[in-house]
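Chemist: I'd like to ask some things about the structure below.
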Amino acid sequence: MSTIYVTNSWDGYSKGSEYWNEYRLEGDRILKYKCSSVKFFDGNENVRKKDEKEVDSWSIDDSSMPEWLRNYL
């Protein structure tokens, strides 16, 4: 697996949260992940929790893959 493109991050709804998209090449597929980072207080200290979720995917020869993304291959 290798990351081929990362978008700029944008602020979430709560203070200390942010989101961004990552596009990764895994075998012969391109996977789009929505990633997030949230800062919260756990009772003792501030903690940052990161999460990611797959939201889309394309095969390398898929005609529906965005053209701008094809340029990063």
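Chemist: With the chain treated as a Gaussian network of Cα nodes joined by springs under 10 Å, which of Tyr13, Tyr33, Tyr23 yields the largest mean-square fluctuation?
Modeler: Checking each option, the largest mean-square fluctuation is seen for Tyr13.
Chemist: Could you give me D for the chain, from Stokes-Einstein at 10 °C and 1.306 mPa s, where the hydrodynamic radius is the Kirkwood radius over C-alpha pairs? Units µm² s⁻¹, please.
Modeler: Values: Rh = 13.7 Å.
Reported coefficient: 116 µm²/s.
Chemist: Here's another thing I want to ask about it. Give, rounded to the nearest 20 debye, the magnitude of the charge dipole that the chain has about its Cα centre when Lys and Arg contribute +1 at Cβ and Asp and Glu contribute -1 at Cβ. Don't skip to the answer; put the middle values down first.
Modeler: Numbers: 11 positive and 14 negative charges, 56 e Å.
Roughly 260 debye for the chain.
Chemist: Extending each Cα 7 Å along its Cβ direction at Asp42 and Ser63, get the distance between those two points in nm, one decimal.
Modeler: Here the answer is 5.0 nm between the modelled labels.
Chemist: Looking at the chain as a GNM with Cα springs under 10 Å, which of Ser63, Ser37, Ser17 has the largest mean-square fluctuation?
Modeler: In this elastic network of the chain, the residue with the biggest mean-square fluctuation among Ser63, Ser37, Ser17 is Ser63.
Chemist: While we're here: Using 7 Å Cα-to-Cβ label points, what is the Arg70/Glu22 separation (nm, one decimal)?
Modeler: Simple spin-label model gives 2.6 nm for this pair.
Chemist: Please check: in the Gaussian network model of the chain (C-alpha springs, under 10 Å), which one of Val47, Val38, Val55 has the largest mean-square fluctuation.
Modeler: Checking each option, the largest mean-square fluctuation is seen for Val47.
Chemist: Would you pull out the residues with amide H under 5 Å of Asp56's amide H, same chain only if 5 or more places away, H placed 1.01 Å from N?
Modeler: Lys32
Quick note: the coordinates plus some simple rules give every number you see, no bench work behind them. Since this is a predicted model, take the numbers as computed values, not measurements. Virtual Cβ from ideal backbone geometry, glycine too; neighbours counted across all protein chains shown.
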